[in-house]
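Below is one structure; the comments refer to it alone.
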Amino acid sequence: GRESRYTISDMYNICSDRLLTDEDIKHFTKKELRIVRNQIYAKHGYIFKSKDLQEYFSQFDWYSPTSRDVARQLTKTETANVSFIKARE
């Protein structure tokens, strides 16, 4: 059947629910992977230093920038996914 491709917004929940596989992210460009990875931080209210990420995430209702340090708020799964994506970016 047709290969189901996740969108960046699909990844919002997937990155928190389970560990990613190469299959999940292989179709994203490096630029998109950067957004997928940073979306994990954005979800926890991370205040981005880079302008492009600030602008990208500010378009979403769910994004509420509250902290410059959210590392401790990430789940084990999210932390593992951040590393997984970073290695492929």
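Does a label point 7 Å from the Cα of Asp22, set along Cα-to-beta-carbon, have any residues of region 68-89 with amide nitrogen under 11 Å, and which are they? No residue passes the distance filter. What you get for the chain, charging only the Cβ of Lys and Arg (+1) and of Asp and Glu (-1), is a dipole of about 300 debye around the Cα centre. The alpha carbon centroids of region 47-84 and region 1-46 are separated by 13 Å. For the peptides 14-21, 58-65, the ranking by packing is 14-21, 58-65, with the highest mean count of neighbouring Cβ atoms within 10 Å listed first. With a 10 Å cut-off between alpha carbons and a GNM built on the chain, which of Tyr56, Tyr12, Tyr46 moves the most? Of the options given, Tyr56 has the highest mean-square fluctuation. Radius of gyration over Kirkwood radius for the chain, both on Cα atoms: the Rg/Rh ratio is 0.95. Per q in 0.29 Å⁻¹, report the Debye log10 I(q)/I(0) for region 30-76, using one uniform scatterer on each alpha carbon and no solvent. Debye curve over Cα of region 30-76, log10 I(q)/I(0) at q = 0.29 Å⁻¹: -1.18.
A short reminder: the numbers here are calculations on the coordinates, not readings from a lab. Computed from a predicted structure; not experimentally measured. Note that each Cβ is placed from the backbone with ideal geometry, even for glycine, and that neighbours are counted across all protein chains shown.
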